[in-house]
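S.K.: Before I ask anything, here is the structure I am working with.
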Amino acid sequence: MLVDLHSHSTCSDGLLKPAALVERAMQRGVDMLALTDHDELSGLPEAREAAAHWGLRLINGVEISVLWEDTTLHIVGLCVDPESPALIEGLAGIRAGRELRARRMAESLALAGIPGSLEGARRHANNPELVSRAHFARYLVEAGHASDTNAVFRKYLIPGKPGFVGHQWATLTDAVHWINGSGGVAVIAHPGRYPLNQQQCERLLSDFAAMGGAAVEVVTGAHTPAEFVIWARYAQRFGLQASAGSDFHGPGEGYRDLGNVPVLPAGCKPVWANF
């Protein structure tokens with residue numbers, strides 16, 4: 001069974017509408033797909049309808065922005081209840097802060113000689129409540145400031161570079177409780193992307209497991225094969241299951257296409273085994 005438990009639609013920062021995302025997944029042989037838009041659940045009904053049409057199993061998902069020890073992390077929720085009041089309220093609170101962050105990002109870029117970035121980013125955003133770094137990145141490529149979005153994130157929008165703005169996201173405890181309270185399972189997304197040393201990684205995994213976190217994204221687009229093994233070992237050490245997902249945003253963007261998800265390293269317990 002081909003499983004891809006991390007993907008995005010136009011309801012957050014993806015390039016494909018939910019139905020088109022599901023159709024592409026079907027065409028690429030995916031059997032089980034999770035739509036995990038950033039801080040947003042609105043794409044799930046359309047995706048669910050398309051999945052029923054194509055005979056693909058859709059997992060209700062979300063990717064929640066979290067601040068832990070001054071580091072921004074992402075926690076994926078799988079098998080969440082999109083009608084959960086606590087989850088809905090929590091995500092709405094996160095989205096409310098994104099508008100201010102977007103304005104501050106645009107001000108930072110303007111000081112670096114790049115005016116009009118907020119308007120440009122909004123042209124790339126289907127959801128007005130979710131103007132994200134990805135939308136700014138697409139505008140910067142469009143305006144000729146970088147060759148592609150990967151190049152953008154080497155020059156802009158990251159700590160110490162123009163356009164980066166820190167933000168008070170949800171706490172790790174909040175995110176895990178919202179997910180678990182909705183009947184879902186919490187997964188640390190692409191852990192190899194975060195600027196954490198070994199001691200911080202161990203502290204994060206220990207905290208996460210103690211809060212009721214379920215899994216680590218071992219295989220993901222941003223990880224190298226060597227990192228698959230590293231994070232598989234971390235998962236085993238802390239009693240966590242393993243997840244796998246492309247983190248697909250759109251054709252030609254990111255590291256992997258839908259369904260391009262290698263098998264988990266030996267010894268991992270797949271998080272989807274009990275779905």
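The values are calculated or read from the model by the stated rules, or taken from the named source; none is laboratory data. Keep in mind it's a predicted model, so treat the numbers as computed, not measured. Note: areas computed on protein heavy atoms with side chains; ligands, DNA, RNA excluded. Shrake-Rupley method; radii C 1.70, N 1.55, O 1.52, S 1.80 Å.
S.K.: In the chain, what percentage of the DSSP-assigned beta bridges are antiparallel, given to the nearest 5?
M.R.: 40
S.K.: Here's another thing I want to ask about it. Using helices alone, I'd like the mean residue ellipticity at 222 nm for the chain: each DSSP H run of four-plus residues gives -39500 (n - 2.57), total over residue count, nearest 500.
M.R.: So the calculated ellipticity at 222 nm is -12500 deg cm²/dmol.
S.K.: Right, here's the next one. Rounded to a whole number, what % of the accessible area of the chain do carbon and sulfur atoms account for, probe 1.4 Å?
M.R.: 51
S.K.: Taking only Cα atoms, what is the 0 to 90° angle, nearest 10, from helix 18-27's long axis to the longest principal axis of the chain?
M.R.: Roughly 50 degrees, rounded to the nearest 10.
S.K.: Starting from the Cα-Cα distance between ALA210 and ASN197, subtract it from 0.36 nm times their residue separation and give me the gain in nm to one decimal.
M.R.: Full extension of this stretch gives 2.7 nm more.
S.K.: Which residues' amide hydrogens lie under 5 Å from the amide hydrogen of ALA34, considering only partners 5 or more residues apart or on another chain, with H built in the peptide plane?
M.R.: ASP4, LEU5, HIS6, ILE59
S.K.: I've got another one for you. Round to the nearest 10 and give me the degree value, 0 to 90, for the angle of helix 44-54's Cα axis relative to the longest principal axis of the chain.
M.R.: The answer is roughly 60 degrees.
S.K.: Would you mind checking which residues have amide H under 5 Å from ILE158's amide H? H placed 1.01 Å from N; only 5 or more apart, or other chain.
M.R.: The answer is PHE164.
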